[in-house]
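**Student:** Handing you a structure now.
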Amino acid sequence: MEITCTRCNQTVQAENCYCPVCGLPQLVYTADGSQGQGQPDRWNEAVRDASSVDWKMALRSALMLAIPAGLLCNMLSPISILGLPLMAATGAWAVVLYVRSQRPAWITIGAGARIGLVTGVLGGWMAAATTGFVLFAMRFWFHAGSFYDDLWQNLVNRQLSQQWSSMGVDAQTIVQMKAWLLPPEGRAGWLLAVIMLLAIALLLFAVAGGALGARLVARSRRPEI
């Protein structure tokens with residue numbers, strides 16, 4: 001026998017205590033007013049709101065995935081170009097792992113986005129910290145600072161200057177902007193801004209991935225009508 005959920009109007013099997021779509025607890029009564037078969041023994045279980053998050057389990061899933069993802073998403077990683085989709089996939093997978101530990105195994109898109117947010121904060125922080133650590137090590141431990149200094153000089157004096165000229169920026173403004181960027185302070189400020197933008201982008205992609213993961217879980221568990 002099948003019933004219809006009173007909240008989302010989706011089909012629910014009679015033996016299920018919860019709607020597989022929205023997580024609403026279900027009660028089935030027979031014609032004589034008693035509860036339907038198969039359900040009474042299961043109503044001792046605690047009812048979990050699908051929009052709430054058990055943060056102990058969520059943090060465990062987020063930490064397990066965000067730390068290695070952050071290490072791979074740092075600016076100097078060989079696969080840094082894939083950092084944004086990788087962080088989105090990390091947020092989605094963190095939601096999937098979390099849902100597997102819950103009963104009923106269900107989660108709303110908003111709750112998935114919150115898990116993705118935490119995953120993005122952890123992953124973005126790890127990526128930023130790893131980038132800073134690698135740059136520090138390359139300059140002071142491996143004495144490769146001159147390589148990065150020459151790279152920065154070439155970037156500002158050639159690539160950025162040519163780009164500014166093509167955009168119609170006057171020569172005096174270009175000279176002033178180069179005077180801001182070429183000193184160590186300007187280089188450090190530029191790099192800090194880029195690292196912050198990377199962390200924010202990873203955070204946003206993780207949130208989107210968490211919401212998408214919750215949505216995909218919803219579609220995979222939706223009963224056929």
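No value in this document is a laboratory result; all are computed from the given coordinates. Just so it is clear, the structure is predicted and the values come from calculations on it, not from any experiment. Note that each Cβ is placed from the backbone with ideal geometry, even for glycine, and that neighbours are counted across all protein chains shown.
**Student:** Arrange the peptides 54-61, 186-193, 140-147, 210-217 so that the one whose residues have, on average, the most other Cβ atoms within 10 Å appears first.
**Tutor:** Listed from highest to lowest mean packing, they are 210-217, 54-61, 186-193, 140-147.
**Student:** Sticking with this structure for a sec: Using a 7 Å offset from the Cα along the Cα-to-Cβ direction at both I3 and S166, what is the distance between the two label points in nm, to one decimal?
**Tutor:** About 6.6 nm separates the two model spin labels.
**Student:** Follow-up question, since we're still on this one. What FRET efficiency, computed as 1/(1 + (r/R0)^6) with R0 = 30 Å and r the Cβ-Cβ distance, is obtained for Q176 and W141, rounded to the nearest 0.05? Don't skip to the end; give the middle numbers.
**Tutor:** Values: r = 35 Å, r/R0 = 1.17.
With R0 = 30 Å, the Cβ-Cβ based efficiency is 0.30.
**Student:** If each residue's Cβ is checked for other Cβ atoms within 10 Å, how do M177, M167, M196 rank with the fewest at the top?
**Tutor:** Numbers: M177 16, M167 7, M196 12.
Least crowded to most crowded, the residues run M167, M196, M177.
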